[in-house]
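*Asks:* This is the structure, below, for whatever I ask next.
The values are calculated or read from the model by the stated rules, or taken from the named source; none is laboratory data. Not measured: the values here are computed from a predicted model. Backbone-built Cβ (ideal geometry, glycine too); neighbour counts: all protein chains shown. Note: accessible area is taken over every heavy atom of the protein model, side chains too, but ligands, DNA and RNA are not part of it. Shrake-Rupley method; radii C 1.70, N 1.55, O 1.52, S 1.80 Å.
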Amino acid sequence: KIKILLRDNNPKKNNDHNFKLKNIKFQKVKFKFDGDKKYIFENLKLNLSANDKICIIGETGSGKSTFLNLLLGLMKPSSGNILINGRKIELYKLNNIISYVPQKIILFESTIKKNILFNKTDQHINLKQFQKCIDDANLRSFINSKKNKENFLLLEDGKNISVGQKQRIGIARAICGKAEVLVLDEATSSLDIKNENIVYKNLMQRFKNKMIVCVTHRLSNLKYFDKVFKVEQGKLIKIK
């Protein structure tokens, strides 16, 4: 599904790389899967401002992933609208606006550098920006421990590194760019508490004037967010 977003070349969509986010709004959004009678979300209303730091919690199966998929444009509401700066979400090329870090990071057989830069070129990011991404994802010590540094060769799916190191490479990949929204889906679940705190502090500083939307099961992470919502019975209930 993510590949579909990356390859979406619809000329009618907003491809402005200088886009500046003002807000994202969910207007009376309903959603259910085809064939289901029960709605996962009913009459969902939510106004998010450009620099909000939002955390979503809830029981397994409550609809957290569905909410993220709606935000990412991977699913369309059964009714209602999702608006970005007052325009329908489907009018945007979302990979220019939103960076997404899933729980399971997919890596290919190549260097750390190429896995981080992914589909970006030297036109999109310079060496200084690349090194800053490494620092913010707390990868510096790991990379310095390798003989070839960022040119260390990863095996397919990162089989020669730990899951936590894979997650930090995924985070570095997501923040290498000009995205206005960073979406984290259990993106630090395999990090120890020390590394997780370092990464969160760095991300909050890096995105202090931008939006972060996070799904997590670790309640210790809630301290980093100014808005916390619990998904329950088809609603987002604000608890902070």
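*Asks:* Of LYS113/LYS227; LYS25/LYS240; LYS45/LYS210; LYS32/LYS210, which pairs sit farther than 23 Å apart, going by alpha carbon to alpha carbon? List each step's numbers first, then the result.
*Replies:* Working: LYS113/LYS227 34 Å; LYS25/LYS240 19 Å; LYS45/LYS210 21 Å; LYS32/LYS210 30 Å.
Over 23 Å apart, Cα to Cα: LYS113/LYS227; LYS32/LYS210.
*Asks:* So between ASP157 and ASN126, what do we pick up on full extension, going 0.36 nm a residue minus the alpha carbon distance?
*Replies:* Numbers: separation 31, 0.36 × 31 = 11.16 nm, distance 2.58 nm.
Answer, rounded to one decimal: 8.6 nm.
*Asks:* Roughly how far apart, in whole Å, are the Cα centres of the stretch 55-115 and the stretch 170-240?
*Replies:* Here the two parts' Cα centres lie 13 Å apart.
*Asks:* If you count the DSSP beta bridges with both ends in the chain, what percent of them are antiparallel, to the nearest 5?
*Replies:* Numbers: 19 of 37 bridges.
Just about 50 percent of them are antiparallel.
*Asks:* Using a 10 angstrom cutoff on alpha carbons, build the Gaussian network for the chain and name the most mobile of PHE130, PHE19, PHE33.
*Replies:* PHE33
*Asks:* Here's a follow-up. For a protection proxy built on the mean count of beta-carbon atoms within 10 angstrom, sort 34-41, 169-176 highest first, please. Show your work: numbers first, answer last.
*Replies:* Values: 34-41: 11.5, 169-176: 24.2.
So the order, starting with the most tightly packed, is 169-176, 34-41.
*Asks:* Next up: 222 nm [θ] for the chain, helices only, -39500 (n - 2.57) per DSSP H run of 4+, per residue, to 500?
*Replies:* Details: 7 runs with 61 residues, N = 240.
Computed mean residue ellipticity for the chain: -7000 deg cm²/dmol.
*Asks:* Each label point is 7 Å from the Cα along the Cα-to-Cβ direction; what then is the distance between the points at LYS113 and LYS146, in nm?
*Replies:* About 1.1 nm separates the two model spin labels.
*Asks:* Measure nothing fancy, just the Cα-based angle from helix 193-206's long axis to the longest principal axis of the chain, in degrees from 0 to 90, nearest 10.
*Replies:* The angle comes out at about 70 degrees.
*Asks:* Would you mind getting the Kirkwood hydrodynamic radius of the stretch 127-199 from its Cα pairs, rounded to one decimal in Å? List each step's numbers first, then the result.
*Replies:* Working: mean 1/r = 0.0776 Å⁻¹.
Result for the stretch 127-199 stands at 12.9 Å.
*Asks:* Anything over 28 Å Cα to Cα? Flag those among LYS88/LYS230; LYS132/LYS238; LYS104/LYS146; LYS114/LYS223, in the order listed.
*Replies:* Over 28 Å Cα-Cα: LYS132/LYS238; LYS114/LYS223.
*Asks:* Follow-up question, since we're still on this one. List the GluC sites (Glu not before Pro) in the stretch 14-106 that DSSP assigns to loop (not H, G, I, E or B) and whose Cβ has at most 13 other Cβ atoms within 10 Å. Which are they? Show your work: numbers first, answer last.
*Replies:* Values: sites: GLU42, GLU59, GLU90; in loops: GLU59.
Those satisfying the criteria are GLU59.
*Asks:* Which order do the peptides 100-108, 140-148 take when ranked by the mean count of other beta-carbon atoms within 10 Å per residue, highest first? Let's see the in-between values first.
*Replies:* On the way: 100-108: 17.8, 140-148: 12.1.
With the highest mean Cβ count within 10 Å placed first, the list reads 100-108, 140-148.
*Asks:* Which whole-number value in Å² is the accessible area per residue of the chain, probe 1.4 Å?
*Replies:* 54 Å²
*Asks:* Of all accessible surface on the stretch 135-240 at a 1.4 Å probe, what whole percent is carbon and sulfur?
*Replies:* Numbers: 2460 of 5010 Å².
Carbon and sulfur together cover 49 percent of it.
*Asks:* Can you give me the distance in nm between label points at LYS38 and ASN69, each placed 7 Å from the Cα along the Cα-to-Cβ direction?
*Replies:* Roughly 1.6 nm, to one decimal.
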